[in-house]
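To start, the structure itself, in structure tokens.
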Amino acid sequence: MQELINAQREFFNTNTTKELRFRIEQLNKLYYLLKDNEKLLFEAIYKDFKKSEFDTYISELALVYYDIKHAKRNLYKWARREKVSTNLLNFPAKSYVLKEPLGVCLVIGAWNYPYQLSLAPAIAALAAGNTVVLKPSELPGATSRIMAKLINATFNPNIFKVVEGGVEETTALLEQNFDKIFFTGSTKVGKIVYQAAAKHLTPVTLELGGKSPAFVTKDCNLPMTVKRLVWAKFLNAGQTCIAPDYVMVEQSINQKFLEALEAEIKKEQFSIANHNYVQIINDTNFERLAKMIDPSKVFYGGKTDAYKKYIEPTILQNATFKDTAMQEEIFGPILPILTYTNIDEAITEVKKYPKPLSAYIFTSSSHTREKVLQELSFGGGAVNDAVMHITNPKMPFGGVGASGIGSYHGKAGFDCFSHAKSILDKATWLEFPLKYFPHSKSRLKWIKRMMKLQ
């Protein structure tokens, strides 16, 4: 590990990566590498948890391709010198901000979207002019192996290298002195990464999770609300960090809402055979999820198959914050439905728990919309939709509090892996003597006057 980091740092110090054309070459190389090997990528992820080609493309590769194209299209604009005004105290001078790469970066990917959540931050790091060590999750072993095989055979390891392995290898990496660490995963592991980074004062971006609520009001467009919620929740069998974790529905439409959920799930016919569903990633997560299903509260679904690691879309009715399913992020195809009669009380209840990564509000009331958006703190979200906010690269994506630190996507990703270097460029033909010795009351008076004019 030490040799790898030293080699990358030595290459970075040649200043080669600071050339924008060089960065674009790396992005092009990655783009065509993925395009030319899509079949292998599809086969690998299907081996890991039966994810279809369609779902892999729309929820993983399409986003990666778009990230590359967006970065290439905007790189010169993002990287250019940013002029800012100069205050009176520094006259005569000009001021500007330079964007420089941080250096050698570690990206630790997540298992649930193994391509997108590993490659998207790596793309941002390369676009910003860094070298990258990528550590994919070991849980989807086939996708980890194919990324390592393709990238390591194509890229100079001094620029971009995939390191495979489990806890031991990740621990060894975290012992190294990186210039930036980017981690996507659970809050529990995020704390470990944060502690390791603190030993070297390494800046971190942590993309974590949390129990993301969805509020449904009686004046919502119910058919569209249900359609979008069902898709967002059961995409990837609920193994999505920004999936609606639970629903707070207004009591007066609860029964109608439950019946509409059931009808929509039946209509979609979620199954691996229909290529719109996946299995649970491993036995540990299957067992954890199975324990969350309270048979007395199952409104729809509830069937499980341990051998196939399969849990059908499940709706829990009459749920409360004391239920097992409400004690931690679900990260699976189980959707508890809670009811409320007063939106203020609902918001107050949600605020008792850690800040979520996402939140969603389905309503036609602008007052209710603004109340939720203004009063509830969360990473990001949507009004009358769910999950889709992640697809807009012009918006930063990240958490707040326990759901994460920092953000990325688009320009936010470029900035995430860059340092903003402030420069004051001062002329030498004039200098005010006020700051120099000898100090006097009159000079102090002039300084105070100038400060008022800032």
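The values are calculated or read from the model by the stated rules, or taken from the named source; none is laboratory data. Remember, it's a predicted structure, so these values are computed and weren't measured experimentally. Because the Cβ atoms are built from the backbone with ideal geometry, glycine has one as well, and the counts that use them run over all protein chains shown.
Among the residues of region 165-180, just one is in contact with a Phe, Trp or Tyr (Cβ under 9 Å, 6 or more places away or on another chain) and either among the basic types (Lys, Arg) or not in a loop (DSSP other than H, G, I, E, B) (or both), namely LYS180.
For residues in region 181-205 being part of a helix (DSSP H, G or I) and of a type in the set (Gly, Ala, Ser), which is nearest to PRO136 (Cα to Cα)? Give the derivation first.
Within region 181-205, the subset part of a helix (DSSP H, G or I) is 187-198.
Checking the rest, the ones that are also of a type in the set (Gly, Ala, Ser) come to 190, 196-198.
On the way: GLY190: 15, ALA196: 18, ALA197: 18, ALA198: 22 Å.
Only one residue tops the list, namely GLY190.
Quick one: how many residues across region 152-162 are in contact (Cβ under 8 Å) with a residue 24 or more places away in the chain and over 16 Å from CYS105 (Cα atoms)?
Here is the first cut: in region 152-162, the residues in contact (Cβ under 8 Å) with a residue 24 or more places away in the chain are 154-162.
Next cut, over 16 Å from CYS105 (Cα atoms) only: 154.
Of the residues in region 152-162, 1 are in contact (Cβ under 8 Å) with a residue 24 or more places away in the chain and over 16 Å from CYS105 (Cα atoms).
Considering region 208-238, the residues that are more than 25 Å from the chain's Cα centre (by Cα) and touching a residue at least 40 places away in the same chain (Cβ under 8 Å) include one that is nearest to GLY401 (Cα to Cα), namely THR217. Among the conditions (1) within 22 Å of the chain's Cα centre (by Cα); (2) in a helix (DSSP H, G or I); (3) surrounded by 19 or more Cβ atoms within 10 Å (Cβ to Cβ), GLN374 misses just one, which is (3). For region 353-367, a tally of residues being in a loop (DSSP other than H, G, I, E, B) and either within 23 Å of the chain's Cα centre (by Cα) or free of Cβ contacts under 8 Å to residues at least 24 places away in the same chain (or both) returns 5. For GLU100, are the conditions met, namely being touching a His at 6+ places or on another chain (Cβ under 7 Å) and either modelled with pLDDT of 95 or more or buried (at least 24 other Cβ atoms within 10 Å of the Cβ) (or both)? It is true that GLU100 is touching a His at 6+ places or on another chain (Cβ under 7 Å) and either modelled with pLDDT of 95 or more or buried (at least 24 other Cβ atoms within 10 Å of the Cβ) (or both).
Residues that are in a loop (DSSP other than H, G, I, E, B), modelled with pLDDT of 95 or more and surrounded by fewer than 18 Cβ atoms within 10 Å (Cβ to Cβ) do not occur anywhere in region 252-261.
Take the residues in region 218-242 that are outside any helix (DSSP H, G or I) and out of contact with any Gly (no Cβ under 9 Å at 6 or more places or on another chain); name whichever of them is surrounded by the most Cβ atoms within 10 Å (Cβ to Cβ). Give the steps one after another, and end with the answer.
Start the filter on region 218-242 by keeping residues that are outside any helix (DSSP H, G or I), which leaves 218-221, 239-242.
Imposing the further condition that a residue be out of contact with any Gly (no Cβ under 9 Å at 6 or more places or on another chain) reduces the set to 218-221, 240.
Numbers: LYS218: 16, ASP219: 13, CYS220: 22, ASN221: 13, THR240: 24.
Ranking the candidates gives THR240 first.
In this structure, GLU329 does not satisfy being surrounded by fewer than 18 Cβ atoms within 10 Å (Cβ to Cβ) and not basic (Lys, Arg).
Of the residues making up region 130-158, those that are buried (at least 21 other Cβ atoms within 10 Å of the Cβ) and either under 18 Å from ASN177 (Cα atoms) or in the same structural domain as THR284 (by TED's automatic domain parsing) (or both) are ASN130, THR131, VAL132, VAL133, LEU134, LYS135. Scanning region 272-315 for residues that are farther than 19 Å from ILE330 by Cα and surrounded by 13 or more Cβ atoms within 10 Å (Cβ to Cβ) yields ILE272, HIS275, ASN276. Across region 38-54, a minimum of one residue is classified as among the hydrophobic types (A, V, I, L, M, F, W, C), in contact with an Asp or Glu (Cβ under 6 Å, 6 or more places away or on another chain), on the phi < 0 side of the Ramachandran plot and modelled with pLDDT of 95 or more.
Can you list the strands (runs of 3 or more DSSP E) lying wholly within region 70-142 that have 1 or more residues being of a type in the set (Val, Ile, Thr) and either over 14 Å from PHE160 (Cβ atoms) or without any contact (Cβ under 8 Å) to a residue 24 or more places away in the chain (or both)? Write out each step before concluding.
Working: elements: 82-84, 93-101, 104-108, 131-135.
Because the criterion is at least 1 residues that are of a type in the set (Val, Ile, Thr) and either over 14 Å from PHE160 (Cβ atoms) or without any contact (Cβ under 8 Å) to a residue 24 or more places away in the chain (or both), the strands (runs of 3 or more DSSP E) in region 70-142 that meet it are 82-84, 93-101, 104-108.
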